[in-house]
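Report on the structure given below.
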Amino acid sequence: MRKVTGTLVGLIALSASLAHGRVLENLEQLDYAKEPYDFVVVGGGIGGSTVASRLSENPRFNVLLIEAGPTNEGVIDIAVPAFFLNINSTYSWGHVTTPQIGLNNRSLPFNQARVLGGSSSHNGMLYTRGSSDDFDLWGKVSEDRSWSWKTLFPYFLRNEKLVPPPGGRNASGQYDPHFHAIQNAEQNKEIKFNLDVNSGKPSGLVWVQYTIGNGERCSAAVGVLGGKVKERPNLTILLNTQATRVLPSKESRKLDIRTVEIVSVSSGKKTTVTAKKELIVSAGAFGTPHLLLNSGIGDKKELEDVKVKSIHHLPDVGKGLSDHLAFQLSWSANDVVRPVDTVAAFEEWQTNRTGPLTETRAHQLMFARIAPDAPLFKEHRDPAAGPNSPHIEIVALSVGPRILVSIGLLTPKSRGIVKIASNNPLEKPLIDLGYLTHPFDLLAFKEGVRIAKRWYEGSAYEGYITGFLGPDLDTLSEREFDNALKAGAGTWEHPVGTASISPKGAKHGVLDPELKVKGVKGLRVVDASAIPYVPTAHTQAAVYVLAERASDLIKGSW
């Protein structure tokens, strides 16, 4: 079980077992001829790890989980929460976006994980579910109300365990156990103190909850595949092996896809594996459309343009991409640099998993809604899923005599696309996030800056904050500020929506409400690509709960 921890609350898990009963380091170790699999899962991130773990709970199901990257185990920078920014490129796909028109044609590096556990093995570990409206929206989009906050809430509880932070620190008053402060929060009318960010109503000043356990990162590789899970005789985990295409059966009259072509990352050896029951793709918001498109599943004409034979015309594959863009402001402050003695802190962490390295530096977040009478809503419809959904997230860090504040837009209207550049399945996808291509987003960012300025100009900060360093939209010209934002904005790396759910029978979308690829037998998708709109949260919690319910849907079919 994955266990959730707030630095100030706790989400804790034991380290993964080192007894690798069924973990294969490369394709050469796989003896598929001797061992057919009921389910083959492509992608060892949150979605794939959760599904593989849940399906293999049934000893009658033989499950193969395929991960393109290496193991997470033994990697100090992954295990130590405070070292997450040090994780090297070995564990990343190394994606770079296409030039972003909305960002003055800048291309951005996009750090998607290539390691067991996926992004949960290298993200910032923040655990925020989002608003109840976000999940109710899934039901509206799919016209299936079994996707809703109410129906998914038990899956949140099944997936997590709330425990105290390392060192025995008292975290009472920093979370609400039913759903698993500072002076300015009382004085500021826009942002009130909120006891628990994960109640379904996240707006306000909140304490952070993290996926950290026993002082270590609690990734999907640790939380859902750790302990004795890897020792199950009916679960095989194949590492360092990339899926290149999914292939249709030649024996079925209907389009039946349960076979995946895979290649060894080290040797280039290639083979195919066929699932007796289902093939489940969990390659992520970039990897899943990349795999489908290379297989001939997508817009027929666009596939023909890159010389890929179309086997199933499904135009929305790769489309509808949305993500969280963020922009940084700064203030000067009366503070001094208090550097951590990293050597001593690491020794403490190694000794008993306590100390400053057991958490990251953000202890509180702010979520805010833009006022309903704001001028931008006279021009644009509010994109929020409902009244419980904030538009803006504010993350602040004290860095010596400065406060760095990141303003994230949670409800973008801009949309992007994932394409393939050629018929070579090993070539990286073309990723266009479409940042700031819708005029609402730029206006919403400006409202977020105004909210942050009002907060930090509050009386609680008198004598501490000494000045606003900008960029300041109240002193710069509109053009100057817009250029500063476009030059400085960056991604929070929360992509979703490239294989979205939609109503059964609808021509749009990629998946039906049971996450089956439309018009195809034997093939499902379980990852962030299925989520129709980016939630008002850091996306890992949403993917965990999607995968938990998907596991039950799959079990219910067999």
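The values are calculated or read from the model by the stated rules, or taken from the named source; none is laboratory data. Quick caveat: nothing in here was measured; it's all calculated off a predicted structure. Glycine gets a Cβ as well: all are built from the backbone with ideal geometry, and neighbour counts include every protein chain shown. Calculation scope for accessible area: heavy atoms of the full protein, side chains included, ligands and nucleic acids excluded. Shrake-Rupley method; radii C 1.70, N 1.55, O 1.52, S 1.80 Å.
What to note about this one:
- Listed by position, the strands (runs of 3 or more DSSP E) contained in the range 310-409 that have at least 2 residues being open to solvent by less than 40 Å² (accessible area, probe 1.4 Å), closer than 30 Å to HIS508 by Cβ and in contact with a Gly (Cβ under 9 Å, 6 or more places away or on another chain) are 319-321, 325-333, 392-399, 402-409.
- Of all the residues in the range 72-103, those that are loosely packed, with under 14 Cβ neighbours inside 10 Å and in a loop (DSSP other than H, G, I, E, B) number 4.
- Any chance LEU511 is among the hydrophobic types (A, V, I, L, M, F, W, C) and buried (at least 21 other Cβ atoms within 10 Å of the Cβ): yes
- Counting only residues that are buried (at least 24 other Cβ atoms within 10 Å of the Cβ) and not in a loop (DSSP other than H, G, I, E, B), the range 53-71 holds 6 of them.
- The residues of the range 136-150 include none that are surrounded by 16 or more Cβ atoms within 10 Å (Cβ to Cβ) and under 12 Å from ASP552 (Cβ atoms).
- Every pair of residues 6+ apart whose Cβ atoms lie under 6 Å, when the first sits in the range 214-237 and is assigned to a loop (DSSP other than H, G, I, E, B) while the second is surrounded by fewer than 23 Cβ atoms within 10 Å (Cβ to Cβ) and basic (Lys, Arg): ASN214/ARG353; GLY215/ARG353; CYS218/LYS3
Listed here are the residues, each with its yes/no results for (1) crowded, with 18+ Cβ neighbours inside 10 Å; (2) within 20 Å of VAL281 (Cβ to Cβ).
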{"position": "ILE451", "(1), (2)": "yes, no"}
{"position": "ALA460", "(1), (2)": "no, no"}
{"position": "GLU480", "(1), (2)": "no, no"}
{"position": "SER502", "(1), (2)": "yes, yes"}
{"position": "GLU548", "(1), (2)": "yes, yes"}
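- Residues in the range 279-304 that are open to solvent by 10 Å² or more (accessible area, probe 1.4 Å), in a helix (DSSP H, G or I) and of a type in the set (Gly, Ala, Ser): GLY284, GLY287.
- Residue that is farthest from ALA220 (Cα to Cα) [pool: residues in the range 1-52 that are outside any loop (DSSP other than H, G, I, E, B), among the small types (Gly, Ala, Ser) and modelled with pLDDT of 85 or more]: ALA52
- All conditions in (1) surrounded by fewer than 23 Cβ atoms within 10 Å (Cβ to Cβ); (2) in a loop (DSSP other than H, G, I, E, B) hold for LEU157, with the sole exception of (2).
- Test: residue in the range 124-132 that is among the basic types (Lys, Arg), out of contact with any strand residue (DSSP E or B) (no Cβ under 8 Å at 6 or more places or on another chain) and at pLDDT 95 or above: yes
- Checklist (1) of a type in the set (Ser, Thr, Tyr); (2) out of contact with any helix residue (DSSP H, G or I) (no Cβ under 7 Å at 6 or more places or on another chain); (3) closer than 21 Å to ASP527 by Cα applied to SER121, failing item: (2)
- First in the range 247-260 and farther than 18 Å from LYS309 by Cβ, second anywhere and part of a strand (DSSP E or B) and open to solvent by less than 40 Å² (accessible area, probe 1.4 Å), Cβ under 6 Å, 6 or more apart: ARG258/ALA275; ARG258/LEU279
- Taken over the range 77-111, the criterion of being of a type in the set (S, T, N, Q) and either at pLDDT 95 or above or over 16 Å from the mean Cα position of the chain (by Cα) (or both) is satisfied by ASN86, ASN88, SER89, THR90, SER92, THR97, THR98, GLN100, ASN104, ASN105, SER107.
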